[in-house]
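Heads up: the structure comes next, in structure tokens.
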Number of protein chains: 2
Amino acid sequence: MLTPAIILVRPQMGENIGAAARGMRNFGLSEMRLVAPRDGWPNPKAVATASGAGRVLDAARVHGTTAEAIADCHTVYATTARPRDLIKPVLTPEAAMAEARGLIAAGQKVGFLFGPERAGLQNDDLAGAQAIVSVPVDPEFASLNLAQCVLLLAYEWGWGGSDQPAREDPEPATRVEMEKLGDRWEDALDDAGFFFPDEKAASMKLRLRNLWSRMPLASGEVQILHGILRQLVRRRPE
Amino acid sequence: MLTPAIILVRPQMGENIGAAARGMRNFGLSEMRLVAPRDGWPNPKAVATASGAGRVLDAARVHGTTAEAIADCHTVYATTARPRDLIKPVLTPEAAMAEARGLIAAGQKVGFLFGPERAGLQNDDLAGAQAIVSVPVDPEFASLNLAQCVLLLAYEWGWGGSDQPAREDPEPATRVEMEKLGDRWEDALDDAGFFFPDEKAASMKLRLRNLWSRMPLASGEVQILHGILRQLVRRRPE
């Protein structure tokens, strides 16, 4: 699947460009574009920080203006901490990436703009964007840096698109296995005189059944619990 | 609204502790706990990196062991890049934080464990956790650092949290209650010769600890399980 382009507009610190490349690679993004990077290009500090993500930098395209950088994009999102008085929809990173995934699947080229470290995107940069993406930070502490902002957007893209990570849960116990386990423990506890006094036995058994039914046991763990009971009961006198 | 505790286990670099504090503050988290930080505490590098988030560090509690750090928690999530062969559910950050929000609204204390920079969490650290949180990074480039991992989890918490309706669940068991329950059963099973052969005893005990840690028990149910054991063991010959 194609991926969105991450477009850093007039980035200042090479370290942030390198860290952004790492964040992209963590989640399967590979296409970086740079608009007028302050310290020129290539940038040794970016390379040093990117370490394993150097290939993102090697493939980065450099443009003179934001307009040029987004020229081939069908849809452009602009990230900004402080949405300005612009008549554009404001989306969360999650909503924006969900939308982008759909657009890309439909054949569109999608770009995300990130502004320079201090000043952020200017009105000229925003002119070509259809929507604003704003990370919902605490307004009293809204100090995300450039690379962190790229990381969060890349995270919402997710490396596999809509594929969820494979879960490696063990085989869960079936209801029948749980039922049998409950029966065996109930019988053993009956023998041991646990359900006492008689008039409380029914409610105690019900409570224990409820407890078992809520246990998220794997099939192998049911066997452990059978084994435990066997061992505890084995040495009781008849 | 209360917030989850962010628990850094044996963190190495002060810079990462400081950056984690910033990531927490961005999204409204304030409670940090540290387990045996390598360079002692307080740590000047952490303070320098945290800058505006210094109050998170000031309020941080320091513990000697993971077990001590999670003692008052009802539910504990462990973040790990590589889920091990443990029988625990594996959740995305989004799913885990959604669940945590519900548990906290219902009155639970929730903690998230983060391992040291290189080695990650060890089996002993994981023993007290009910579930694993795994960030779905590209397996070919899974190099999230500690502070980035905290940032992503904090992001999923979101600074406002959404107000959840209060649930009327029974009082959940604390980690200390579960720990004591696990101890008593382990001792009794030891006496009964359950952990056999010797060379398998350690892994059998670990497996049983993991089983206990995942049980969503109410405080009253812990008492039932103490009672069951008492009754089963009582009539064994000495």
Selected residue (criterion: modelled with the highest pLDDT) from residues of the stretch B:22-32 that are open to solvent by 20 Å² or more (accessible area, probe 1.4 Å) and within 17 Å of the chain's Cα centre (by Cα): B:31
Odd one out for residue A:42 among (1) in contact (Cβ under 8 Å) with a residue 24 or more places away in the chain; (2) over 24 Å from residue A:108 (Cβ atoms): (1)
Count of the stretch B:129-148 residues which are closer than 26 Å to residue B:216 by Cβ, open to solvent by 20 Å² or more (accessible area, probe 1.4 Å) and more than 7 Å from chain A (Cβ to nearest Cβ): 1
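If I ask for residues that are surrounded by 14 or more Cβ atoms within 10 Å (Cβ to Cβ) and more than 9 Å from every other protein chain (Cβ to nearest Cβ), which ones from the stretch B:173-190 would you list?
Passing the criteria: B:173, B:174, B:175, B:176, B:177, B:178, B:179, B:180, B:181, B:182, B:184, B:186.
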Among (1) open to solvent by 60 Å² or more (accessible area, probe 1.4 Å); (2) under 18 Å from the mean Cα position of the chain (by Cα), the one test that residue B:35 misses: (1)
Output for the stretch B:202-231, where each listed residue is touching an Asp or Glu at 6+ places or on another chain (Cβ under 8 Å) and without any contact (Cβ under 8 Å) to a residue 40 or more places away in the chain: B:205, B:208
Test: residue in the stretch B:192-205 that is open to solvent by less than 20 Å² (accessible area, probe 1.4 Å) and at pLDDT below 85: no
Hits in the stretch A:1-16 - residues which are open to solvent by less than 40 Å² (accessible area, probe 1.4 Å) and in contact (Cβ under 8 Å) with a residue 60 or more places away in the chain: A:3, A:4, A:5, A:6, A:7, A:8, A:9, A:11, A:16
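The values are calculated or read from the model by the stated rules, or taken from the named source; none is laboratory data. Here the structure is a predicted model, which means the values were calculated and not measured. In this analysis, Cβ positions are derived from the backbone assuming ideal geometry, glycine residues included, and neighbour counts consider all displayed protein chains. Keep in mind that these areas ignore ligands, DNA and RNA; they rest on the heavy atoms of the full protein, side chains included. Shrake-Rupley method; radii C 1.70, N 1.55, O 1.52, S 1.80 Å.
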